[in-house]
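The values are calculated or read from the model by the stated rules, or taken from the named source; none is laboratory data. Nothing here was measured: the structure is a model prediction, and the numbers come from that model. With ideal geometry, Cβ positions are generated from the backbone for all residues, glycine too; neighbour counts draw on all protein chains shown.
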Amino acid sequence: MSEGHVNTALYALLDTLCPMHAVLNATGHVVHAGPTFEKLCGDTAPEGRRFLELVELKRPKLGAGMKDLRRAAGAKLHLELRAAPRTALKGVLVALPDSGAIGPKNGVIVNLSFGISVMDAVRDFSLTSADFAATDLAIEMLYLIEAKSAAMEASRKLNLRLQGAKIAAEEQAYTDTLTGLKNRRAMQPVLDRLMETERDFVLMNLDLDYFKSVNDTLGHAAGDHVLQQVARRMVSETRSGDTIIRTGGDEFVLIFAGLTDRDRVAEIAGRLIARLERPIPFGDEECRISASIGASLSCDYAQVDLDQMMQDADCALYVAKDQGRGRHVTFDKMMRLARDMKGPIPQNRDAR
Amino acid sequence: MHGLVNRAVERFTRDTYGREMWLGIMQRLDLGFAEFEAMLSYDDEITHEVLGELAVSLNKPMTEVLEDIGTYLVSHGNLEALRRLLRFGGTDFVEFLHSLDDLPGRAQLAVPDLSLPTLELEDHARDYYSLTVGPMAGGRIAFGAVMIGLLRAMADDYGALVFLDHKGKRGKVEIIEVRLLDVAFASGRAFDLGAALR
């Protein structure tokens, strides 16, 4: 059998077993290219060209000569196509004997694979499953990537929906259904967050005045209407970052984060009361209410104690109510002294 | 039954017969929800009830509904991803047939808790095969009918002309006869390996 025949048989065998290979002669020129490697080389056939002019050997770092290349026999090669899109390749080569018994004398056979770049390569070179050896896992890898992406997408959508449902449920749990304001349950988380971030804030206790008489004379529908209007007015008089909580029937707590100025507190309280005192139309009737406000400032305390602050805001509220309706009072330490002399303030505000 | 299976029934109904039909079915069954979540699991009984109500609503025998679902899974544009995953099975219809044994395993690679019935292909001649379809978990849904619809649509996809015949049940398994009349009857639909990236 002539050398040519031997090689033809060898090449046919290689084309089936590893279609992305190249056979190089002793000078490093490609004498045969597997059909898939041929596809990678584009319009110019690789045969007759120097292999290292087509492909750059990134690692291991060796010289450009054929002797250097043969030294890399058996090692894992990291290569890159020199032409765009400079696809990354993995490879391994075997050195051929100088007898010429297998392939060209002193040549090498290089087998290549895409490794992780397989997805891009399939797109860039329009490869089909026929371009891979039947034993190659490339197709399974592509299948897995697609299948997993589809499954991930379904999971991602589920997570988004669950998160949306969770947020809605939390909103609902913390919302006062009549007014749309926050409810008592929402107060602690808001205060906890302020304490954690060590931000100063103002606590304002607000009780409606004359609300009971609206309820008694015009009925519950009027009362509900008034509460809704009150909520609206309070929202429009405050900033979006402020928190308004309806803690009970006609009792509210307002939390102003970042507020430390007593004059500003008085100004806000005055404005709120003025706004709430404007008549609220209900059918042919006009409802007139007012509000009393007691406030405490976190910046007045060396060590902020939430319970103390709430008690003090309550204390200020009673002082305000003592002065008549429609008043606002900001707590100071003198009040605590006066209170201690008078005895404890009743805990239940409704009792008064 | 896995949410993906229930979701497939839902998508089939909505894409083929419209949202009203689907919401009507779910309202009559009063399950407390109107949509299935693809990544959750549901009681087998629910799947069975939905399919039963669907067959009644369409005034069609259950096997016909299941066959239509199988065809829908491959041929509807909304499920292109699934068609692609099936086409990874082989370059022509015969290769695809031979990949069916691996299908439940492949499905589990992607979604570990999705269990599909076992499939076993036997070739009697170059153009004559039989496919044994194992029981679905729970055992109340005849997956063979779904497979017939799916195989018919896949044959179309590959451009092959086939004759499929449900030979009935043998014990717990169903037998489907596949006769290949022409592997290259029509040009079929294109399958571009890299399409998902484009």
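Mind listing just one residue for me: the one in region B:87-107 that is within 10 Å of chain A (Cβ to nearest Cβ) and either touching a residue at least 24 places away in the same chain (Cβ under 8 Å) or not in a helix (DSSP H, G or I) (or both) and, of those, surrounded by the most Cβ atoms within 10 Å (Cβ to Cβ)?
This residue is B:87.
Could you tell me whether region B:143-157 includes any residue that is part of a strand (DSSP E or B), more than 14 Å from chain A (Cβ to nearest Cβ) and either in contact with a strand residue (DSSP E or B) (Cβ under 6 Å, 6 or more places away or on another chain) or in contact (Cβ under 8 Å) with a residue 12 or more places away in the chain (or both)?
To start, the set of residues in region B:143-157 that are part of a strand (DSSP E or B) comprises none.
The answer is no; no qualifying residue exists.
List the helices (runs of 4 or more DSSP H) inside region A:28-134, counting only whole elements, that have at least 1 residues being away from chain B (no Cβ under 14 Å) and not charged (D, E, K, R). Show your work before the answer.
Details: elements: A:35-40, A:51-54, A:66-71, A:118-124.
Helices (runs of 4 or more DSSP H) meeting the threshold: A:35-40, A:51-54, A:66-71.
Per-residue answers, yes or no, for (1) at pLDDT 90 or above; (2) not in a helix (DSSP H, G or I):
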{"residue": "A:292", "(1), (2)": "yes, yes"}
{"residue": "A:296", "(1), (2)": "yes, yes"}
{"residue": "A:299", "(1), (2)": "yes, no"}
{"residue": "A:304", "(1), (2)": "no, yes"}
{"residue": "A:308", "(1), (2)": "yes, no"}
{"residue": "A:311", "(1), (2)": "yes, no"}
{"residue": "A:314", "(1), (2)": "yes, no"}
{"residue": "A:317", "(1), (2)": "yes, no"}
{"residue": "A:320", "(1), (2)": "yes, no"}
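Restricting attention to region B:109-142, report how many residues are within 14 Å of chain A (Cβ to nearest Cβ), assigned to a loop (DSSP other than H, G, I, E, B) and either at positive phi or touching a residue at least 12 places away in the same chain (Cβ under 8 Å) (or both). Outline the logic, then answer.
If we filter region B:109-142 for residues that are within 14 Å of chain A (Cβ to nearest Cβ), which is where we start, we get B:109-114, B:116.
Going one step further and asking which of them are assigned to a loop (DSSP other than H, G, I, E, B), we end up with B:111-114, B:116.
Filter once more, so that each one left must be either at positive phi or touching a residue at least 12 places away in the same chain (Cβ under 8 Å) (or both): B:111, B:113-114, B:116.
Of the residues in that region, 4 qualify.
From A:91, A:74, grab the single residue that is modelled with pLDDT of 90 or more and crowded, with 17+ Cβ neighbours inside 10 Å. Can you show your working first?
Details: A:74 fails: crowded, with 17+ Cβ neighbours inside 10 Å.
Checking each option against the conditions leaves just A:91.
Which pairs do you get when a residue that is within 14 Å of chain A (Cβ to nearest Cβ) and among the acidic types (Asp, Glu), found in region B:4-26, comes within reach of a residue that is crowded, with 21+ Cβ neighbours inside 10 Å and not in a helix (DSSP H, G or I), reach meaning Cβ atoms under 7 angstrom, with the pair 6+ apart or on two chains?
If the second residue must be crowded, with 21+ Cβ neighbours inside 10 Å and not in a helix (DSSP H, G or I), the pairs left are B:10/B:36.
Considering each of A:250, A:224 in turn, give the residue that is within 22 Å of residue A:286 (Cα to Cα), touching a residue at least 24 places away in the same chain (Cβ under 8 Å), surrounded by 17 or more Cβ atoms within 10 Å (Cβ to Cβ) and of a type in the set (D, E, K, R). Talk me through it step by step, then tell me what you get.
On the way: A:224 fails: surrounded by 17 or more Cβ atoms within 10 Å (Cβ to Cβ).
When all the criteria are applied, what remains is A:250.
Does region B:68-82 include one or more residues that are under 29 Å from residue B:21 (Cβ atoms), crowded, with 20+ Cβ neighbours inside 10 Å, among the charged types (D, E, K, R) and more than 14 Å from chain A (Cβ to nearest Cβ)?
no
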